[in-house]
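Below is one structure, written out as structure tokens, with a few remarks after it.
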Amino acid sequence: MLYENKEYEAAKDQFTKVKADDIDEHLRYIAERYLTQIQRKIGWNLQAGAQYVQNSNVNNASSVKEFNIGPYVFIKNEEAMPKKAKGLSAFLALDRDINIEGNHYATIAAQLKGTRYWDESEYNEHTLRLEGGYKNQDIKTSFSLSPFYEQSWLGDARYSHNIGLVSEYSRWLSSKTQVIGAYTYAHKRYHDQGLQRYEGNLHGLSSGIAYFVSSTLVFNGGIDHQIDHLNAEDESSRKTSVRLGVIKEFTGGLSARTAMRYGQRRFDAPHFFLGQIRRDTEYQANVALWHRQLHFKGITPKLNYRYLKINSNLPAFYSRQSQQWYVSLEKTF
């Protein structure tokens, strides 16, 4: 019961005592299995992965070539049009929950991820994130509060850094239904002095629910709200999104994961150049397919597709769409 309630240090102490007693060998084996599982849960977790990426719009540009401003017609050059790129993306993540006492934990985590393009190296990007904080969890409920620091590089030069705080809460309402909520605060700074107008505070609030129909079918959905309060009022905005996802394991070994998102974003002030308040509608879809019998030393290759489309009332500058195909390989140690 201590183990199921996630009081791992107390459970570890009891299983160690039980194993030392004069008990049935089968019960001793069960105690050893529990001790092994406890060590995995309170020990270091290492995850690594790599992806081959094809990006149809690596520079996030609008495909509108000609546009009018008043009586004048402007034509973009090829550098301002969407660019295609191929490359390799990889990540390395390390985390650990340290059971202090009872249901109280200290958490630490680090993640390094990046993408390098073979034909558009100026869009290479890398991010390092360090996080540590407090977690309280039992059999039904989990709550965590973690400050973080994040540093990003673009084209191999320092680009931005964020300092913030993440708070997460989850609770099992029943054996099949879990509710999840999170709040994120981040203060964003750029290393290029010319980007100071984009600096400021970001607030994110999300709520969601997951329903486990069976061991092979899971539905999830939620609502997200984000406020960007930046130095430039015309770049400050509010965005609300709804999302829906499904995870399904089919007979025969095929598995699929799909996620869809729809969002509306409204900016706080008229655009400094165009004089209109910008409004965006965002559509996003992600699909992953894999076969459970196709694996090598714990690594299962997955075929992924990601689609993003933004319709803006200022289409020449902000309407865009992109597609990415990639094959991912991931391993947990």
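Data table
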{"read-out": "Principal axis box of the range 192-242, alpha-carbon based, largest edge first, Å", "value": "53, 20, 12"}
{"read-out": "Degrees separating the helix 25-42 axis from the principal Cα axis of the chain, which is the longest one", "value": "30"}
{"read-out": "Coil-residue GluC sites (Glu not before Pro) of the range 1-60, DSSP, other Cβ within 10 Å capped at 12", "value": "GLU4"}
{"read-out": "Equivalent ellipsoid semi-axes, the chain, via Cα gyration tensor eigenvalues times 5, rooted, Å", "value": "43, 23, 20"}
{"read-out": "Residue of ASN57, ASN231, ASN99 that the Gaussian network model of the chain assigns the largest fluctuation, springs spanning Cα pairs under 10 Å", "value": "ASN231"}
{"read-out": "P(r) weight above 20 Å for the range 201-303, C-alpha pairs, percent", "value": "56"}
{"read-out": "Distance from the range 161-198 to the range 38-112 (C-alpha centre basis), Å", "value": "15"}
{"read-out": "Hydrodynamic radius (Kirkwood) for the range 93-237, which is based on Cα pairs only, to one decimal in Å", "value": "17.7"}
{"read-out": "Gyration tensor (Cα) of the range 165-260, equivalent ellipsoid semi-axes in angstrom", "value": "36, 16, 11"}
{"read-out": "FRET efficiency, LYS331 to MET260 (Cβ-Cβ, R0 25 Å, nearest 0.05)", "value": "0.35"}
{"read-out": "Long pairs among LYS6/LYS41; LYS86/LYS113; LYS65/LYS309; LYS86/LYS297, criterion Cα-Cα beyond 20 Å", "value": "LYS86/LYS297"}
{"read-out": "Dipole magnitude of the chain about its Cα centre (Cβ charges: Lys, Arg +1; Asp, Glu -1), debye to nearest 20", "value": "880"}
{"read-out": "Degrees, to the nearest 10: 8-20 long Cα axis against longest axis of the chain", "value": "30"}
{"read-out": "Surface/4 of the Cα convex hull for the range 1-69, nm²", "value": "10.4"}
{"read-out": "The chain - percent of accessible surface contributed by carbon and sulfur, probe 1.4 Å", "value": "57"}
{"read-out": "Contour excess over end-to-end distance, with Cα ends at ARG158 and ARG33 and 0.36 nm allotted per residue", "value": "40.3 nm"}
{"read-out": "FRET efficiency, 1/(1 + (r/R0)^6) with R0 56 Å, evaluated for LEU274 and PHE250 via beta carbons", "value": "0.70"}
{"read-out": "Over the range 76-137 - Rg/Rh using Cα atoms and the Kirkwood inverse-distance radius", "value": "1.31"}
{"read-out": "Pairwise label distance in nanometres, SER207 with ASP21, each label 7 Å out on the Cα-Cβ vector", "value": "4.6"}
{"read-out": "Compactness index (Cα Rg / 2.2 N^0.38 Å), the range 40-166", "value": "1.53"}
{"read-out": "Nearest-0.05 FRET efficiency for ARG292 and ASP138, computed from C-beta distance (R0 25 Å)", "value": "0.20"}
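The values are calculated or read from the model by the stated rules, or taken from the named source; none is laboratory data. Since this is a predicted model, take the numbers as computed values, not measurements. Virtual Cβ from ideal backbone geometry, glycine too; neighbours counted across all protein chains shown. Please note that ligands, DNA and RNA were not included when accessible areas were found on the heavy atoms of the full protein model with its side chains. Shrake-Rupley method; radii C 1.70, N 1.55, O 1.52, S 1.80 Å.
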